[in-house]
1. Within 13 Å, Cβ to Cβ, of V130, how many net charges do the neighbouring residues add up to if Lys/Arg are +1 and Asp/Glu are -1?
2. For the range 79-174, which GluC sites (Glu not before Pro) pass both filters: DSSP loop (anything but H, G, I, E, B) and at most 12 other C-beta atoms within 10 Å?
3. Fully extended, how many nm does the chain gain between A150 and V84 (0.36 nm per residue separation, minus their Cα-Cα distance)?
4. If I take R0 = 30 Å and measure r between the Cβ atoms of L160 and D248 in this structure, what FRET efficiency does the formula 1/(1 + (r/R0)^6) give, to the nearest 0.05?
Amino acid sequence: MHNTHPSGGVRLGSLGAASVLMAALLGLLAAPLSAQPNPFEAHEDSRREVAPQEPVEVQKDEPEAKPEAPSYDLGRQGQWSLGVGTLFSYTTTTNGVPEGGQINNETLFFRAAPSVGYFVIDDLEVSLSVGLLSRQLDRGGNEVAVENNALVEVSGRYFLSLTEPFSLYLDLGVGGYFGTSDRVLELALAEDEDPTSINERTDTSGLILSATLGAGYALSPSLQLRAGLGFTGLIGSESIVSVSRDLDVKTFNTGLTMGLFYIF
């Protein structure tokens, strides 16, 4: 038969309960500590995840280049020119009549002449023009005739440059013209017959002298507009075969000249 000590049993039971309680408290304390992240590990992870960024180059906007102004290098030695010039005026003409004497009349004068030129030295151009000129002639009374001529003229032209596109020039020319006109003549076929009106074709020819003071403006590096005040003198004759006479015809006029020329 075994005897049990009452007080020893109580002590063992108390110690067991205390041990269980202590273990429970330690478990509760250990759980929050283990769930909290380690700050040093988080810092290391952030250093590994964030890659170093390369410096970004900031590109500066370069200023836009201004377009270069065109160079109007016209009138240099060795350059050629092709163009056409015109002159229009309302002027006075003096022409003879078969009966003797002269008639003065106001007349329209028109000239158009293509030309080719060459700059023998800087700013000095020599050109050859071949074209047409037309003028009206008063025959007396109400009769008016038109004279049409071909012309050939050689000119010298000197340019004085003021700015790159703008210049002044002086032009002097000399040449000749030839053409035709017509006249109504009163001719008697016999001494005892009344005169009969005959429309006869006449031949015209003469000398042409010209001078122009003008200005040139470059529309582009190879295209030039020329305009000015032109003086023209025509000194010639009109030949009438039926009466075997040459009648003087003179015209001196001032008019507006204008032309467009390609220079290369």
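Just so it is clear, none of the values below were taken in a lab; they were calculated from the coordinates. In this text the structure is predicted, and so the values were computed from the model without any measurement. Cβ: placed from backbone, ideal geometry, glycine included. Neighbour counts: every protein chain shown.
1. That works out to 0.
2. Hits after loop and neighbour filter: E99.
3. Computed gain between A150 and V84 is 22.3 nm.
4. Values: r = 38 Å, r/R0 = 1.26.
The calculated FRET efficiency here is 0.20.
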